[in-house]
1. When Ala49 is evaluated against the numbered criteria (1) part of a loop (DSSP other than H, G, I, E, B); (2) modelled with pLDDT of 55 or more; (3) closer than 24 Å to Arg163 by Cβ, which criterion, by number, is the only one it fails?
2. Out of (1) closer than 18 Å to Ile8 by Cα; (2) buried (at least 22 other Cβ atoms within 10 Å of the Cβ); (3) of a type outside the set (Asp, Glu), the odd one out for His122 is which?
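The values are calculated or read from the model by the stated rules, or taken from the named source; none is laboratory data. Worth saying up front: this structure is predicted, and the values here are computed from it rather than measured. Methodologically, a virtual Cβ is constructed for each residue, glycine included, from the backbone with ideal geometry; neighbour enumeration extends over all protein chains shown.
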Amino acid sequence: MVLGYHFIFSAYGFWLPNDPRGSWSDTIRNFELLKFGPGTKVEATRSVAHSPHDRALRLKAKQSLRYPPVKITGIQARAIARGFASAAEEGTYVFHALAILPDHAHLVMSRHSKHIDVIAAHLKSRATRQMVDEGLHPLARFASKNGRMASPWARNYWCPFIRTVEHMRQAIGYVKRNPIKAGLRAQRWNSVVPFEENARRSRGAS
């Protein structure tokens, strides 16, 4: 039984579809990027971030991107969190952990009736809209003449399913520690509901 999801959203340019460590995609849509190899889709549910690879080749591939890799600032992170919170209210999602780092975001939430692709698109859309509304879109200077901006997010996402209470606790702990491991301050977001508290509420309602 699935209890929840651990979404990982990469910022544009952070994790390429042909990353030598593996990726979430088997499709390369950028011709210049294709020169550095085909898609490297993997099915692993563990992180492959520290897998041995040709780092120089990976960094060279990033130079072929149409836009510079997105780096999320603290102010932008707060806007993203507000966008996620709006999506949660609209979709009745329950968040148990959230961490927004300079090049990716982690979000742990309870299981929902919607398909994860729909949830992911909803979350990224609301986060992007919030940055646009606040004048904080990281690729705003590359907007087209009609004002259209490229997505600040990678096309795909990672989402291991959480099937046990212990796994849920581990995922929440991992996400909470993530900013600290990256040398940032611990993050606390109003949209996050403690898992144990939510579990008690659910039992009380049944």
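1. With (1) part of a loop (DSSP other than H, G, I, E, B); (2) modelled with pLDDT of 55 or more; (3) closer than 24 Å to Arg163 by Cβ applied to Ala49, the lone miss is (2).
2. Checking His122 against (1) closer than 18 Å to Ile8 by Cα; (2) buried (at least 22 other Cβ atoms within 10 Å of the Cβ); (3) of a type outside the set (Asp, Glu), the one that fails is (2).
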